[in-house]
1. Where does the chain land on the Kirkwood hydrodynamic radius, alpha-carbon pairs, in angstrom?
2. Which of S140, S166, S92 comes first, and how do the rest follow, when ranked by fewest Cβ neighbours within 10 Å?
3. Using only DSSP helix segments of four residues or longer, with each worth -39500 (n - 2.57), what per-residue ellipticity at 222 nm results for the chain after dividing by its residue count and rounding to 500?
4. Scan the chain and hand back the longest stretch that contains none of the GluC sites (Glu not before Pro) lying in DSSP loops with at most 12 other Cβ atoms within 10 Å.
5. Can you list residues whose amide H is under 5 Å from Q142's amide H, if they're 5+ apart or on another chain and H is modeled 1.01 Å from N?
6. For S21 and F161, what does the FRET efficiency come to when R0 = 45 Å and r is the distance between their Cβ atoms, rounded to the nearest 0.05?
7. Given a Förster distance of 41 angstrom, what is the FRET efficiency for E70 paired with E189, based on the Cβ-Cβ distance and rounded to 0.05?
8. Grab the beta carbon distance between T80 and L119, set R0 = 25 Å, and tell me the FRET efficiency rounded to 0.05.
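Rule-based calculations on the coordinates, nothing more; no lab input. In this text the structure is predicted, and so the values were computed from the model without any measurement. Cβ atoms come from the backbone with ideal geometry, glycine included; neighbour counts cover every protein chain shown.
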Amino acid sequence: MLAAISALPFIWAPRAALADSVEETATTCAGCHGENGVPIDKTIPVIWGQRREYILKQLWDFKIGHRKNETMAAIVDALTKTDMEALASYFSKKQWPALGQTPAPDDVKTKALDVISQLNCWGCHQDQFQGDYVRPRLRSQQEEYLLKTMTDFHTGERANFPAMESLMKSLSEDELKPIATYLAGLPSEMPTIGQK
Ligand code: HEC
Ligand code: HEC
């Protein structure tokens, strides 16, 4: 009963009052993705400075169920396409946070680069893993998140892009960890000259 009463002002509020500004909606996101862009948990991805078109596609994929995640599905449920566009613009303009993850040791780096060069991950994710358009930035993303999401492609749990799914299925689970460690350990700032 109490809950019903306290909910009344929201029911009565005109639609315009409910339509939050992008900044207000973004505070909800900050609860998990971090107030300063550093996520509260290592399995939650950085979205500050991520590619706009990639963010937009993911929000939409969560909404229509092409990418399955209960937490994000509940979040996007109330969002319209216009809200998503505003959020994608808002977060893509933020600066990627420095997470201070440790650079991969040489043996791990060698293992990672073996696979990366064989499958030419640069071809889509760009030469510094900075991403482009719907291809996400991977550089200095959270290590645990990277491992989780690559494993999800590998097992077919994440099935919203067939090419990534088949690439990850062509690898063994043991091959994923060094890649996650390597990508996470790349400095958040971009180098001025190409170095891999
Ligand atoms: C309760 C915690 C929580 C909240 C609040 C939340 N997210 Fe997320 N978000 C997650 C988790 C966890 C994932 C990773 C899902 C997975 O593993 O597939 C995620 C994934 C994402 C992704 C995919 C990123 C990538 O690299 O693929 C985007 C984009 C995103 N969230 C945007 C948002 C936006 C915008 C909001 C606010 C409207 C928001 N999230 C609110 C927990 C949250
Ligand atoms: C044919 C182009 C292409 C190639 C080659 C490619 N990727 Fe991707 N990758 C994508 C696209 C596009 C997405 C976003 C898929 C979606 O819409 O969810 C993606 C997503 C990812 C993600 C998820 C990032 C996130 O924030 O959730 C990871 C991790 C990843 N790729 C790693 C790799 C690695 C490692 C390789 C090399 C072994 C690779 N990719 C090769 C196109 C590619």
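1. Working: mean 1/r = 0.0553 Å⁻¹.
When all Cα pairs of the chain are included, the Kirkwood radius is 18.1 Å.
2. Details: S140 25, S166 10, S92 18.
Ordered from fewest to most neighbouring Cβ atoms within 10 Å, S140, S166, S92 come out as S166, S92, S140.
3. Values: 11 runs with 111 residues, N = 196.
Computed ellipticity for the chain at 222 nm equals -16500 deg cm²/dmol.
4. Details: sites that count: E35, E189.
Between exposed loop sites, the widest span is 36-188.
5. V46
6. 0.90
7. Values: r = 34 Å, r/R0 = 0.83.
Step by step, r from the Cβ atoms, then E = 0.75.
8. Working: r = 37 Å, r/R0 = 1.49.
Approximately 0.10, to the nearest 0.05.
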